[in-house]
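*Asks:* First the structure, then my questions, so here it is.
The values are calculated or read from the model by the stated rules, or taken from the named source; none is laboratory data. Please read all numbers here as calculations on a predicted model, not as lab measurements. Cβ: placed from backbone, ideal geometry, glycine included. Neighbour counts: every protein chain shown. For accessibility, only protein heavy atoms count, side chains too; no ligands or nucleic acids. Shrake-Rupley method; radii C 1.70, N 1.55, O 1.52, S 1.80 Å.
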Amino acid sequence: MKRLRNCLNTEDFRLAAGRRLPSPLYHYIEGGSDDEVTSGQNTSAYEKYKFIPRQANGVESISLKSKVLGMDLDWPLILSPTGMSKLFHPDGEIGVAIAAKKSGIAYSLSTMATTSIESIAAAISGPKVFQLYLFKDDELNFEILDRCKAAGFDAVCLTVDTAIAGNRERDVRTGLTIPPKLSLRSFLEFAFKPQWCLNYLRGGKFSLPNISQDKTGDLSVLANYFAENMESQITWSKVDRIATYWGGPFAVKGLQSIEDVKASKASGASAVIISNHGGRQLDSVPSSFELIADIADATGDTIEIIQDGGIRRGSHIVKSFAMGAKACMTGRPYLYALSAFGGDGVESILESLRMETEKVVGLLGCSNINEVNREHLRYANKLPYYLSEASPAPLNTKIRRT
Ligand SMILES: Cc1cc2nc3c(=O)[nH]c(=O)nc-3n(C[C@H](O)[C@H](O)[C@H](O)COP(=O)(O)O)c2cc1C
């Protein structure tokens, strides 16, 4: 069993989570939709670009500070909203939020969280975002936004890429139910993870306190509740209504096209989160990293770009920044750490990612992450100059061009 001190990077935490969680829950975190092409490429696409460092710049100190959605961050990461954290460890959302606050970054609380808006506000004074899933009933949407205002949340993000549930075959194969129910099929999976079972029982009754209990009724029929109550016909005018009612920093999460980014701006968003939901919704879309440059070039400084998905190393954050993102978001890495070691694990993985980010910025010859730009990146498949169309081969070379 891996100890916390032996976990140095995201991959170490992923392996530790795999050992500690019952397999249906591990696969729930890890899985993507269909063939999981996008979920893998969200990370592998970063290797399509290589760094070109600059030397002898006399770097003395390194600043990673960033400001996004009106929030001052010590380094440019926001923890992505993820539902039901107490399923993975009793420290749940509060353990994660405290770790984010200690690291000087922002936490996003999901509509589907197992901790209330008010409990998060009581636990941390640091930057916090509420993630809203749109309900058909505007009264319910506005009630949630009122609670966020009263609790002092800094910003709201509206997720728009889940009107239809992605096809996640791992969950079908493992027979996952939420909350977990013991069937003959899942019994052994849970029986081999007694520590998780004890923790789960310690965690108390499973609930989703950001959705009024009287409206959810019996949570064991959650799927039916969502089919009946979530808005499946999201339109820009509905987005506009939410942005206007909230009236503060507002982001739309789950965008990939330049047109949608422009529509978000017109609907009142101050930021967009370029995201494919970690490859859990529509498969075979480009990695979110690869979309940053075109969107940044098309929108200039008119809207803040936040990139979400695939980040496993500090170098990934720096590459997204170089392309034009103002901040990044990450989901699975902190869930691995939470599942394996609770809030202490989240603190540890955040420190690894922060340290890696700082080292990369310094090694690129920059003293501020804002100095990193596309000149520090080279497309990995770029032909060397002597093979490119533009270059006449020098007469004294023996290179044959085909
Ligand atoms: C277990 C799990 C639960 C999630 N729940 C939510 C959610 O409630 N709301 C939401 O907007 N996104 C949700 N997401 C998507 C994340 O916010 C984020 O887009 C994704 O995890 C980013 O990819 P990454 O895991 O590679 O960082 C969830 C992702 C995972 C893995």
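*Asks:* Which one of the conditions (1) at pLDDT 95 or above; (2) open to solvent by 30 Å² or more (accessible area, probe 1.4 Å); (3) within 12 Å of the ligand (Cβ to nearest atom) does A113 fail to meet, given that it meets all the rest?
*Replies:* It fails just one condition, (2).
*Asks:* A further question follows. Identify all residues within the range 125-135 that are open to solvent by 40 Å² or more (accessible area, probe 1.4 Å) and closer than 30 Å to S284 by Cα; write none if there are none.
*Replies:* The one that is open to solvent by 40 Å² or more (accessible area, probe 1.4 Å) and closer than 30 Å to S284 by Cα: Y133.
*Asks:* Considering only residues that are away from the ligand (no atom under 15 Å from the Cβ) and either among the small types (G, A, S) or open to solvent by less than 40 Å² (accessible area, probe 1.4 Å) (or both), which ones fall in the range 220-263?
*Replies:* S220, A227, S232, S237, A243, W246, G247, G248, S257, V261, A263, listed by residue number.
*Asks:* Of the numbered conditions (1) open to solvent by less than 20 Å² (accessible area, probe 1.4 Å); (2) out of contact with any Pro (no Cβ under 9 Å at 6 or more places or on another chain); (3) assigned to a loop (DSSP other than H, G, I, E, B), V59 satisfies every one except a single condition; which is it?
*Replies:* Unmet condition: (1).
*Asks:* So is D138 surrounded by fewer than 20 Cβ atoms within 10 Å (Cβ to Cβ), out of contact with any helix residue (DSSP H, G or I) (no Cβ under 6 Å at 6 or more places or on another chain) and under 21 Å from V96 (Cα atoms) or not?
*Replies:* The answer is no for D138.
*Asks:* Test S275 against the stated conditions and say whether it is crowded, with 24+ Cβ neighbours inside 10 Å and either touching a Cys at 6+ places or on another chain (Cβ under 6 Å) or of a type in the set (D, E) (or both).
*Replies:* It is false that S275 is crowded, with 24+ Cβ neighbours inside 10 Å and either touching a Cys at 6+ places or on another chain (Cβ under 6 Å) or of a type in the set (D, E) (or both).
*Asks:* Right, next: I'd like the full set of residues that are under 25 Å from M329 (Cβ atoms), among the aliphatic types (A, V, I, L, M) and either exposed (fewer than 15 other Cβ atoms within 10 Å of the Cβ) or within 20 Å of the chain's Cα centre (by Cα) (or both), limited to the range 151-173.
*Replies:* Passing the criteria: A155, V156, L158, V160, A163, I164, A165.
*Asks:* Name every residue in the range 308-348 that is within 14 Å of the ligand (Cβ to nearest atom), more than 20 Å from G31 (Cβ to Cβ), of a type outside the set (S, T, N, Q) and surrounded by 24 or more Cβ atoms within 10 Å (Cβ to Cβ), in order of residue number.
*Replies:* H316, I317, A325, A327, C328, V346
*Asks:* Would you be able to tell me the number of residues in the range 133-145 that are in contact with a Lys or Arg (Cβ under 9 Å, 6 or more places away or on another chain), within 27 Å of V68 (Cβ to Cβ) and of a type in the set (A, V, I, L, M)?
*Replies:* Residues meeting the conditions: 1.
*Asks:* Related question: Kindly provide the set of residues from the range 279-307 that are within 14 Å of N42 (Cβ to Cβ) and open to solvent by less than 10 Å² (accessible area, probe 1.4 Å), ordered by number.
*Replies:* Those that are within 14 Å of N42 (Cβ to Cβ) and open to solvent by less than 10 Å² (accessible area, probe 1.4 Å): G279, S287, S288, F289, I292, Q307.
*Asks:* Something else about it: Pairs please, first residue from the range 42-70 and at positive phi and of a type in the set (A, V, I, L, M, F, W, C), second anywhere and open to solvent by less than 90 Å² (accessible area, probe 1.4 Å) and outside any loop (DSSP other than H, G, I, E, B), Cβ atoms under 6 Å, 6+ apart in sequence or on different chains.
*Replies:* Partner pairs satisfying both residue conditions: L69/A155; L69/A271.
*Asks:* Of all residues being within 20 Å of S270 (Cα to Cα) and over 18 Å from the mean Cα position of the chain (by Cα) in the range 127-143, which is nearest to the ligand (Cβ to nearest atom)? Just the residue, please.
*Replies:* Selected residue: L134.
*Asks:* Using the structure shown, decide if R14 is more than 16 Å from the ligand (Cβ to nearest atom), assigned to a helix (DSSP H, G or I) and open to solvent by 30 Å² or more (accessible area, probe 1.4 Å).
*Replies:* In short, no.
Table: residues versus (1) over 19 Å from the mean Cα position of the chain (by Cα); (2) modelled with pLDDT of 95 or more; (3) away from the ligand (no atom under 14 Å from the Cβ); (4) within 15 Å of D308 (Cβ to Cβ).
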residue	(1), (2), (3), (4)
S63	yes, yes, yes, no
S80	no, yes, no, yes
I94	no, yes, yes, no
A99	no, yes, yes, no
L109	no, yes, no, no
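*Asks:* So, K2, is that one under 19 Å from S275 (Cα atoms), touching a residue at least 60 places away in the same chain (Cβ under 8 Å) and more than 16 Å from the ligand (Cβ to nearest atom) or not?
*Replies:* When the stated conditions are applied, K2 does not pass them.
*Asks:* Okay, moving on. Has the range 194-211 got at least one residue that is under 23 Å from the mean Cα position of the chain (by Cα), β-branched (V, I, T) and within 30 Å of T38 (Cα to Cα)?
*Replies:* No: the range 194-211 contains no residue that is under 23 Å from the mean Cα position of the chain (by Cα), β-branched (V, I, T) and within 30 Å of T38 (Cα to Cα).
*Asks:* How many residues are of a type outside the set (S, T, N, Q) and part of a loop (DSSP other than H, G, I, E, B) if we restrict to the range 99-124?
*Replies:* 5
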